[in-house]
Structure formats: structure tokens, C-alpha cells
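Heads up: the structure comes next, in C-alpha cells.
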């Protein structure tokens with residue numbers, strides 16, 4: 001191949017590779033921008049192979065950080081519908097009186113379970129008028145043994161705090177694990193939707209009040 005043609009091919013390839021628009025797009029999306037910068041710097045400093053390995057390491061570190069420090073949304077009912085949304089993003093949604101509804105933004109696993117449950121317990125106990133907590137587990141299709149143990153401990157801590165705990169959007173696999181771990185009344189404390197969970201909390205409160213009246 002003539003040298004001028006080869007030079008043109010190389011220049012065209014480099015021009016395409018040095019196009020900053022993909023990185024600028026990541027900056028606008030606020031996703032993986034710093035990982036992309038680190039990967040670019042790694043390739044320029046350490047070479048292609050080592051730069052790619054650095055990019056993989058940075059991606060894994062970013063993913064673990066996101067999973068280990070998830071956002072926990074407080075949910076509220078959207079109008080008179082059966083939909084429950086993040087209260088901080090939907091000001092038109094309303095809280096359910098006496099019930100705190102929480103939804104972790106990432107699946108529960110050994111690296112975040114204690115943090116999530118500790119924050120929910122602290123925020124629920126610190127709010128006046130809360131008598132029950134609904135925990136939406138829609139993001140967790142499975143639980144490792146550490147997360148399951150943390151869930152069992154959380155259930156016990158809620159009982160000690162005098163708060164009823166009702167689970168919502170529980171996957172069948174997680175129900176099976178709860179049963180195998182010895183959790184009492186799994187069918188009663190697990191609901192398929194947040195709306196069903198709130199109804200279960202209300203029914204339990206009525207039953208408790210009726211028992212109190214009959215014992216007097």
C-alpha cells in the first residue's frame with residue numbers, strides 16, 4: 001500500500017477514535033463519565049491492554065460503590081390510584097398516615113443489607129406517629145445468606161421497636177428463603193403489592209384493637 005494512502009487510513013482511524021462526543025455524552029448523562037476518563041488516561045499512560053484492565057477495575061469499583069450505598073426511597077400514594085412513587089420526586093404524592101413505605105434502589109446483598117436496614121429502622125423510629133413499616137423488595141429477586149440473616153434480624157428489631165413490618169412486592173424465591181430461615185407467618189407478612197401491604201397493616205391494626213377491646 002502506498003505510504004500516502006496508509007497515512008490517510010491511519011489519520012482517518014485516529015480522527016474517529018479521538019472523537020470526544022461519546023465522553024461528552026456520558027458527562028451529560030452523569031453515568032460512567034469518570035470511569036471513561038480513567039480508562040482513557042490508562043490507555044495513554046499504560047498502553048491498550050493495561051488501560052483496558054484499569055477500565056474494568058474502575059467499572060467494578062463504581063458498580064460496587066453504587067450497590068453498597070443505594071438510595072432508599074420513601075414512597076407515597078399517587079392520587080387515589082394504586083400507584084406508589086418516590087415522594088421526593090413526586091410532590092403530588094401523599095404519605096399513608098401512620099405507615100412508612102420504603103424501597104431500596106438496589107438489590108439486597110451482603111454488602112448493603114445492614115446499611116439499608118439500619119437506616120430504615122433509624123428513620124422509622126425517629127418519626128412520630130409511625131406504627132408500621134412497609135418494605136418493598138421489588139429490586140431483590142434473590143438473597144444471599146448474609147442478606148437473609150440481616151433481614152431476619154431487622155424483623156426482630158422492628159418487633160422490639162413496636163413497629164409492625166410488612167413486606168411488599170416479594171419475589172417467590174425470597175418467600176421460599178424466608179420460610180426456610182424460619183420466619184413466622186411468611187404468607188401473612190408478605191404482600192404482592194404495596195397497596196395489599198397497606199391493607200394488611202390496616203387489617204392487623206383492626207384485629208389488634210378488637211382483641212384489646214374484648215380483653216377489657
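When region 28-41 is limited to residues that are outside any helix (DSSP H, G or I) and surrounded by fewer than 16 Cβ atoms within 10 Å (Cβ to Cβ), the one that is modelled with the highest pLDDT turns out to be 30.
When region 122-142 is filtered for residues that are within 22 Å of residue 175 (Cβ to Cβ), surrounded by 15 or more Cβ atoms within 10 Å (Cβ to Cβ) and without any contact (Cβ under 8 Å) to a residue 60 or more places away in the chain, the ones remaining, listed by number, are 133, 135, 137, 140.
Is there a residue in region 42-51 that is in contact with a strand residue (DSSP E or B) (Cβ under 6 Å, 6 or more places away or on another chain) and part of a loop (DSSP other than H, G, I, E, B)? So far as region 42-51 goes, no, none of its residues is in contact with a strand residue (DSSP E or B) (Cβ under 6 Å, 6 or more places away or on another chain) and part of a loop (DSSP other than H, G, I, E, B).
Taking the criterion of being in a loop (DSSP other than H, G, I, E, B) and touching a residue at least 24 places away in the same chain (Cβ under 8 Å), the residues of region 65-100 that qualify are 69, 70, 71, 82, 97, 98. Restricting 108, 148 to residues that are over 18 Å from residue 76 (Cα atoms), surrounded by 21 or more Cβ atoms within 10 Å (Cβ to Cβ) and within 18 Å of the chain's Cα centre (by Cα) narrows the list to 108.
The values are calculated or read from the model by the stated rules, or taken from the named source; none is laboratory data. Only a predicted model underlies this, so the values are computations on that prediction, with no experimental measurement involved. So basically every Cβ, Gly included, is an ideal-geometry build from the backbone, and we count neighbours across all protein chains shown.
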